Amino acid sequence: MKLARLGDALDHWKGSLIELIGDKRLRVVPMLTDRDRWTQQHFETYARLLHRKPEDVLKKEKGALFSKRTRHGYFCDLEEHDLFLDPDTGIASDKKAQKEHVSFSEIARLLSESRSRMLLIYQHASREKDGLREKLNLLRSTEGLRGCDIFAYDSGAVSMVVISQNRGRSDKALARLKCWLGPVAATRIIETPTSQG
């Protein structure tokens with residue numbers, strides 16, 4: 001998440017989805033890449049746009065940017081909350097992950113810490129025709145994610161990926177999203193084989 005993007009239309013989109021399919025326990029991990037420029041007022045604005053309280057935004061100490069060097073520690077001490085991960089770009093394989101991405105193994109580790117946790121992850125659109133579907137299938141084949149429910153809401157320019165080991169919670173989130181999208185749900189929601197039942 002970059003400060004230059006704070007308050008854009010995508011923050012409103014993210015906030016609506018978080019409110020729709022998240023729950024009161026959900027916390028936000030902004031994955032900042034330009035942290036030194038953020039102030040407390042910026043974090044409060046970010047929380048409001050995402051329909052969260054300021055204390056729901058999990059901040060690392062000043063100067064702790066999300067980078068290759070700091071990424072392991074960035075996801076420590078997150079308790080058992082549901083999480084919205086807000087990387088600059090989205091999800092990438094471990095080999096391709098840069099500071100703009102959350103990696104497959106990081107996602108698996110976050111889910112291994114709590115069997116009831118649900119992750120919502122921001123994802124830019126893929127340049128490939130079926131790039132998002134391929135990414136979801138690669139996630140599904142990742143060690144530690146094989147038994148998870150994985151689906152995504154593809155809005156065209158960006159997507160929200162939802163992953164959980166708890167079938168009841170993911171079914172409920174998927175049902176809310178389908179109801180919200182109504183007749184366009186079939187063209188906007190991508191389900192992986194296990195999440196299709």
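If the segment from S141 to R25 were pulled out straight at 0.36 nm per residue, it would be longer than the present Cα-Cα gap by 39.0 nm. Cross-link candidates for K2: which aspartates and glutamates have Cα within less than 13 Å, leaving aside residues fewer than 8 places away along the same chain? Partners found: D11, D34, D36, D86, D88, E100.
Label positions at K129 and E44, each projected 7 Å from the Cα along the C-beta direction, are separated by 5.0 nm.
Taking region 132-155 and a reference point 7 angstrom along Cα→Cβ of R167, the backbone N atoms nearer than 17 Å belong to 145-151. Each residue of region 82-87 was assigned a 3J(HN,Hα) from its phi angle through the Karplus curve 6.51 cos²θ - 1.76 cosθ + 1.60 (θ = phi - 60°); the sequence is 5, 10, 9, 9, 10, x Hz, with glycine and proline shown as x. Close amide H contacts of V102 (hydrogens built in the peptide plane, cut-off under 5 Å, sequence separation of 5 or more or a different chain): G90, I91, A92. With contacts taken as Cα pairs under 8 Å at a separation of at least 6 residues, the chain carries a relative contact order of 19 percent. Taking all Cα pairs closer than 8 Å and separated by 6 or more residues, the relative contact order of region 79-164 comes to 30 percent.
Our Cα-only numbers for the chain put the radius of gyration and Dmax at 15.6, 46 Å.
All of the numbers you see were taken from the coordinates with simple rules; none came from a lab. Predicted model only: the values in this text are computed from it and were never measured. As a convention, Cβ positions derive from the backbone with ideal geometry for all residues, glycine included, and neighbour counts pool all protein chains shown.
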